[in-house]
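S.K.: Take a look at this one; I'll ask things after.
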Amino acid sequence: MKIGKIIYLDHQATTPVDVRVVAAMTPHYAEAFGNPHSSDHSLGWESASAVEKSAACVARLIGADADEITFTSGATESNNLALLGLGRRAVGGKRRRILVSTIEHKCVLAAARVLQEQFDFTIDLIPVDAEGFVEMAALGEALDNDVLVVSVMAVNNEIGTIQDIERISELVRSHGAIFHCDAAQAPLAMNMGLMASQTDMLSLSAHKMYGPKGIGAIYIARELQDQIEPLIYGGGQQNGLRSGTVPVPLCVGMGAAADIFAATDAEEKRAQLHRRRDTFIEMLRRLPWPIALNGPQGRARHPGNANIRFAEFSADNILSALQPHLAASTGSACTSGIPEPSHVLRAIGLRSEEAESSIRFSLGFDTTDADIEEAVRLITEALARLARAGLLRAW
């Protein structure tokens, strides 16, 4: 898609809000604006009903029930609630170890570190292979009856790896541990209809799935909810798991976005996205400069993800040369500005200089064939300018 004259290839950072989502949200700003926790009048009842319906939509996306959905401010809060909430309630218990993969989002790694530093949990990092898949043998060896929770993301936000969640779930649960999954990137990448049956806790973010920013959700299995210590206290809303007045328009927007991905044509859209992504990569491979694809080959990859290593160039130089015509990124938007190589790329075995030459292009459902052709033209011109300026890298 184009934003003005800018080709947008950063959908894994955020997606535009779908027009259907905007339409669903709009009445709840100025007309149906009641506080959903006001139980004494019809405006409150109307808002409460809208929130309940939205929770049902999110639940339907993953195969859960509405009372297992808690709205949050986003996936970062959901991930924190999952790990900190579970860990703080488990202090003093026999299960004192937490396992997370080495390529988790920084908010998962940071929450785990808090449990280690403040509550004396042991944190073990599970390695991944060169394509970003969790090493199942290492996970199996690390699991024991002292493991409280295992956190593995469904779809990686930098290299697009789609994990075998069913297999991981079976292994984790066979040892009596709780399985948490950060699924923020999953809606564009995969059918999520069975995810609730394969996880105990699951995190979502609306703005990664054509919904509004500032709203997310966490699925917590009904039987697990009394084992979670809230992060936010107050009036006891949302089953006491997350107090505060829920933002009705945002909840409605997330529900509407969930409906889009639960629709029958979602898989067809993913297939089209996969085709366009593969075309984009193939066109880049024809350029006179060598490139490499970071992450998995084939279907076990986010259909819109193309993490490309430009061996002879600096990623920062390329992105600068592309401005203001093309939007892409060097990795997670949540860690932008941190002057260090991507921990994900380092975890799959890339050297620092290789990581620093890598760019994540992420296409969306609204990306067109014309967008791809123009993007490749812009990249070609940018690389040519950098080469003429003598900005080639020598290893």
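S.K.: Among the candidates Ala32, Ala82, Ala64, Ala48, which residue alone is in the same structural domain as Asp120 (by TED's automatic domain parsing), in a helix (DSSP H, G or I) and touching a residue at least 60 places away in the same chain (Cβ under 8 Å)?
M.R.: Numbers: Ala32 fails: in a helix (DSSP H, G or I); Ala64 fails: in a helix (DSSP H, G or I); Ala48 fails: touching a residue at least 60 places away in the same chain (Cβ under 8 Å).
Going through Ala32, Ala82, Ala64, Ala48 in turn, the sole match is Ala82.
S.K.: Residues in the stretch 219-226: is at least one within 13 Å of Ala75 (Cα to Cα), under 21 Å from the mean Cα position of the chain (by Cα), crowded, with 22+ Cβ neighbours inside 10 Å and outside the structural domain of Asn305 (by TED's automatic domain parsing)?
M.R.: Checking the stretch 219-226: at least one residue is within 13 Å of Ala75 (Cα to Cα), under 21 Å from the mean Cα position of the chain (by Cα), crowded, with 22+ Cβ neighbours inside 10 Å and outside the structural domain of Asn305 (by TED's automatic domain parsing).
S.K.: Considering only the stretch 298-309, state which residues are at pLDDT 95 or above and either aliphatic (A, V, I, L, M) or assigned to a loop (DSSP other than H, G, I, E, B) (or both).
M.R.: Once the filter is applied, which keeps residues that are at pLDDT 95 or above and either aliphatic (A, V, I, L, M) or assigned to a loop (DSSP other than H, G, I, E, B) (or both), the stretch 298-309 yields Ala300, His302, Pro303, Gly304, Ala306, Ile308.
S.K.: Another one. Go through (1) surrounded by 15 or more Cβ atoms within 10 Å (Cβ to Cβ); (2) over 14 Å from Phe179 (Cα atoms); (3) more than 24 Å from the chain's Cα centre (by Cα) for Leu143 and report which single condition fails.
M.R.: Condition (2) is where Leu143 drops out.
S.K.: Okay, next question. In the stretch 169-202, what residues are under 17 Å from Arg60 (Cβ atoms) and in contact with a strand residue (DSSP E or B) (Cβ under 9 Å, 6 or more places away or on another chain)? Even if it seems obvious, please write down each step before you answer.
M.R.: Let us first name the residues in the stretch 169-202 that are under 17 Å from Arg60 (Cβ atoms), namely 183, 186-187, 190-199, 202.
Ala183, Ala186, Pro187, Met190, Met192, Met195, Ala196, Gln198, Thr199, Leu202 - these are the residues of the stretch 169-202 that are under 17 Å from Arg60 (Cβ atoms) and in contact with a strand residue (DSSP E or B) (Cβ under 9 Å, 6 or more places away or on another chain).
S.K.: Considering each residue of the stretch 162-187, count those that are in a helix (DSSP H, G or I) and within 30 Å of Glu354 (Cβ to Cβ), and give that number. Don't jump to the end; show me each part of the working.
M.R.: The first filter runs over the stretch 162-187 and keeps only residues in a helix (DSSP H, G or I), leaving 165-174.
Narrowing further to those that are within 30 Å of Glu354 (Cβ to Cβ): 165, 167-168.
So the answer is 3.
S.K.: Sticking with this one: Being surrounded by 21 or more Cβ atoms within 10 Å (Cβ to Cβ) and not in a helix (DSSP H, G or I) is true for just one of Thr15, Thr76. Which residue is that?
M.R.: The conditions single out Thr15.
S.K.: Still on this model: Limited to the stretch 316-341, what total is found for residues that are at pLDDT below 95 and surrounded by 12 or more Cβ atoms within 10 Å (Cβ to Cβ)?
M.R.: The qualifying residues number 8.
The values are calculated or read from the model by the stated rules, or taken from the named source; none is laboratory data. Keep in mind it's a predicted model, so treat the numbers as computed, not measured. Here Cβ is always computed from backbone atoms with ideal geometry, including for glycine, and neighbour counts include all displayed protein chains.
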